[in-house]
Structures are given as structure tokens and as C-alpha cells.
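To start, the structure itself, in C-alpha cells.
The values are calculated or read from the model by the stated rules, or taken from the named source; none is laboratory data. Note that the structure is predicted; figures quoted are calculated from it, not measured. We place every Cβ from the backbone using ideal geometry, glycine too, and count neighbours over all the protein chains shown. What goes into the accessible areas is simple: the full protein's heavy atoms, side chains included, and nothing from ligands, DNA or RNA. Shrake-Rupley method; radii C 1.70, N 1.55, O 1.52, S 1.80 Å.
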Amino acid sequence: AAPARHYRSEMNFQTTCGISTSGDQYLMMPGRETYPIVYVNHYDAGAFAAWCGKRLPTEAEWELAARGPVYIDYPWGDKKVPGANFGESASASVPVDSFLGGKSVNGLYHVSGNVWEWCADWYDRFYYVREPYFDNPQGPASGETKVLRSGSFGYEDFKARVTYRDHDHPTSYSQFVGFRCARSAGK
């Protein structure tokens, strides 16, 4: 288990996260093994990714993993389908593999909905308008907020589209925000 330096008491709530600590280790509560980890800020997410030899995806990597090489609204196509965990009627996160019909063309579960996901990039509203097209953009060199993608339960449907961009301060955390790891180069 990773050292428990990034632990918050809110993580102990079984209905939203289900993580406790013992000494310097995290302990997952039984039954919560496939739920997203929430109550993590950008720095927490990055530290966990680095601990397991990975990293946070760039915003461009996240979007490509979510929609593949075609422009679609959701990972599965252009319309919301039953079982997608987003929208104002969704009330809590669900196991990441619970929506089989929502897998992306790249085989990722719950890329739209469930919880917002931190990306590595600083946020700039006009970054993709100002910058000329190039492969694998890395985002702005600095900023005040970090990119969030995916949408979340309890948020409007349109925010779960794979092209929707949101952002928050890197020290912010809530039950609506988690993360996804990406492989480090060469792994």
C-alpha cells in the first residue's frame, strides 16, 4: 500500500470512497475495490500515479482514450444510453466496470460520467483555439487551475461529453473528483 500522506478523513466514508488507514498504509474497505478513489486533489492523484510508476494523462491523451480517432459525444456514440452514471438523477459513484455498454473504443470503463478525472494539464479556456494544430499537445506551461474531464454523477448530462472541459484549483477535492492513471513512457 502507498504511504498514507495524502489521506483525508472524508475518504473513510464507505458510501463515497471507503478508504481507511493503518499506520502509514491505505486500506480499502471490502466491497469498494472497484469504485473510483475520490476526495483527492491534483497533487494527491499525481503522487499516487508516480508511486505506482505511472502518471496522470494529458488532456489530449484523456480525450483520445475516451473517444478514439472519431468525433463522438460519448465513448459509445452520440446519445446517452441507460446505465451511464451521469446527470442530475445519478446520486453516487458506482464500480468503474459496472457500465459495460459505456466502454470506450479503447476498452476503458466509465470514461464519461461517474467522477471527474484530473488531467496533467494546466487549464486555459482558449488554449486549443490559439495554438496551431499539433500532435499530442501538452497544454499550457502554467496556470491557476488544472483540467478535469469526464463529468460526474449529479452534474448535467452535457458535462459528460468527451469534449467537455472543466477545471478546478489543484488543491480542491470532493466526492465528485477522482483520477485515472496513464502509463509512463516506455512502460
* Over what distance in Å are the Cα centres of the stretch 1-53 and the stretch 146-160 separated? -> 21
* Structure fact -> Expressed per residue, the solvent accessible area of the stretch 42-95 in Å² (1.4 Å probe) is about 49
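Could you work out the per residue convex hull volume over the alpha carbons of the stretch 109-158, in cubic angstrom?
Values: hull volume 5.6 nm³, N = 50.
Normalising the Cα hull of the stretch 109-158 by residue number yields 112 Å³.
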* Structure fact -> A convex hull over the alpha carbons of the stretch 82-187 yields, per residue, a volume in Å³ of 130
* Set of lysines with alpha-carbon distance to K159 below 29 Å, sequence-local pairs under 8 removed -> K54, K79, K80, K103, K146
* To do: Tell me the Kirkwood hydrodynamic radius of the stretch 1-96 in angstroms, computed as one over the mean inverse distance between distinct C-alpha pairs.
  => 15.6
* Quote the Stokes-Einstein diffusion coefficient, in whole µm² s⁻¹, for the stretch 1-51, based on the Kirkwood radius over alpha carbon pairs, a temperature of 4 °C and a viscosity of 1.567 mPa s. => 117
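Per the 1.4 Å probe, what fraction of the accessible area of the stretch 102-178, in percent, lies on carbon and sulfur atoms?
Numbers: 1890 of 3740 Å².
Result for the stretch 102-178: 50 percent of the exposed heavy-atom area is carbon or sulfur.
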* Which value, in debye to the nearest 20, describes the size of the charge dipole of the chain about its Cα centre when Lys and Arg Cβ atoms bear +1, Asp and Glu Cβ atoms bear -1, and nothing else is charged? -> 320
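Considering only protein heavy atoms and a probe of 1.4 Å, how much of the accessible area of the stretch 42-84 is carbon and sulfur, as a whole percent?
Carbon and sulfur atoms account for 63 percent of the accessible area of the stretch 42-84.
Express the C-alpha Rg of the chain as a ratio against the empirical globular expectation 2.2 N^0.38 Å, rounded to two decimals. Working shown, then result.
Values: Rg = 16.0 Å, N = 187, 2.2 N^0.38 = 16.1 Å.
That works out to 1.00 for the chain.
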